[in-house]
Amino acid sequence: MANQPAYKRILLKLSGEALMGREDFGIAPDVMRFLAAELKEVIDAGVQVALVVGGGNIFRGEGLAKAGMDRVTGDQMGMLATCINALAIQDAVERVGLEARVQSAIRINEVCEDYIRRRAVRHLEKGRVVVFAAGTGNPFFTTDSAAALRAVEINADVMLKATKVDGIYTADPKKDPTATRYDELTYDEALDKRLGVMDQTAMVLCRDHKMKLRVYDMDRPGALMGIVMGDETIGTRVHR
């Protein structure tokens, strides 16, 4: 592991469910404090950090669409849920002394900025955390796809997907005790095996733009710092 960060700019993808902690709904304050501390350590090391957050802890449009709600309406409600989470992350990181900006793919100027690529990059260059909200701004696209898109747009060195398990497994390790973890995969292998790492749109976008991906356990203290400092043993590496 190197003494200098292995990456200059990272994009971290967080699911909305990750913010719940042990709760059944909403945002757990202890999770936010832990996340803010992990981000501060990385930024103090000179790494630029952007995030994309989901909204499943508050509302998931796809689920209600299956119950009869109009899918576009449901997805728009889900986009608003991601904005709530993004504002919570902004508040948490500012409490530990960092600067943060929320940029939304849908216009809600009273509470955050519009997503403008060049402005986002400028914020990163100034050491600010940038939280991208509202997915891509379009229905039918997941926040995984939004994360892949933003990672490519801001020229991130790597996209990190924080999950509840320590990488990608042959099957769901919570359901199958015989599942084994991959140390690394190619995008084509992950797509062919249908491992459910991310939706296929996101995977193909990362593959075609040679975006590195690391899937890791967000609950492991120091894991984020370990990855940015070059520890190849943390999580699963996915590459072209």
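Each Lys and Arg Cβ is given +1 and each Asp and Glu Cβ -1; about its Cα centre, the chain then shows a dipole of about 480 debye.
Helix by helix through the chain, keep the DSSP H runs that span 24 Å or more along the axis on Cα and average at least 0.0 on Kyte-Doolittle, and give those back in order. What comes out of the filter, once short or polar helices are dropped, is 71-95. When the Gaussian network model of the chain links Cα atoms closer than 10 Å, the mean-square fluctuations of 46, 54, 135 top out at 46.
Label separation (residue 45 vs residue 4): 1.4 nm, computed from points 7 Å beyond Cα along the C-beta direction. Taking GluC sites (Glu not before Pro) as exposed when their DSSP state is a loop state and no more than 15 other Cβ atoms lie within 10 Å, the longest site-free interval of the chain runs over 111-231.
For the chain, give the share of DSSP beta bridges that are antiparallel, in percent and rounded to the nearest 5; count only bridges with both residues there. List each step's numbers first, then the result.
Details: 5 of 34 bridges.
About 15 percent, rounded to the nearest 5.
Taking 200, 90, 48 as the candidate residues, the one with maximal mean-square fluctuation in a Gaussian network model of the chain, Cα springs under 10 Å, is 200. Backbone amide hydrogens, once placed in the peptide plane, bring residue 161 within less than 5 Å of 13, 214, 215, 216, excluding anything fewer than 5 places away on its chain. Counting other Cβ atoms within 10 Å as a rough exposure proxy, the listed residues 53, 152 run 152, 53 from fewest neighbours to most.
Computed over the chain with a Gaussian network model linking Cα atoms closer than 10 Å, the most mobile of 44, 30, 192 is 192.
Applying a DSSP loop filter and a limit of 11 other Cβ atoms within 10 Å to the trypsin sites (Lys or Arg not before Pro) in segment 7-112 leaves 22. Applying the criteria of a DSSP loop state and at most 13 other Cβ atoms within 10 Å to the chymotrypsin sites (Phe, Trp or Tyr not before Pro) of segment 1-100 yields 25.
For the pair residue 114 and residue 208, a Förster radius of 25 Å applied to the C-beta separation gives a FRET efficiency near 0.40, rounded to the nearest 0.05.
The orientation-averaged projection of the convex hull spanning the C-alpha atoms of segment 1-55 amounts to 4.3 square nanometres.
Look at 142, 178 and count the other Cβ atoms within 10 Å of each Cβ; fewest to most, that gives 178, 142. As a proxy for reagent exposure, ranking 15, 104 by other Cβ atoms within 10 Å from fewest up yields 15, 104.
In terms of Cα to Cα distance under 20 Å, which lysines are near enough to residue 161, apart from those fewer than 8 places away along the same chain? Correct list for residue 161: 8, 13, 40, 174, 193, 210, 212. Taking every DSSP helix (H) stretch of at least 4 residues in the chain, weighting each as -39,500 (n - 2.57) and dividing the sum by the residue count yields a mean residue ellipticity at 222 nm of -11500 deg cm²/dmol. Spin-label model, residue 200/residue 138: points 7 Å from Cα along the beta carbon direction are separated by 1.7 nm. Scalar couplings 3J(HN,Hα) for segment 168-173, obtained by applying the Karplus form with A = 6.51, B = -1.76, C = 1.60 to θ = phi - 60°, are 9, 10, 5, 7, 5, x Hz; x denotes Gly and Pro.
Any read-out appearing in this document is the output of simple, stated calculations on the displayed coordinates, not a laboratory observation. Please read these numbers as outputs of a predicted model, since none were measured by experiment. With ideal geometry, Cβ positions are generated from the backbone for all residues, glycine too; neighbour counts draw on all protein chains shown.
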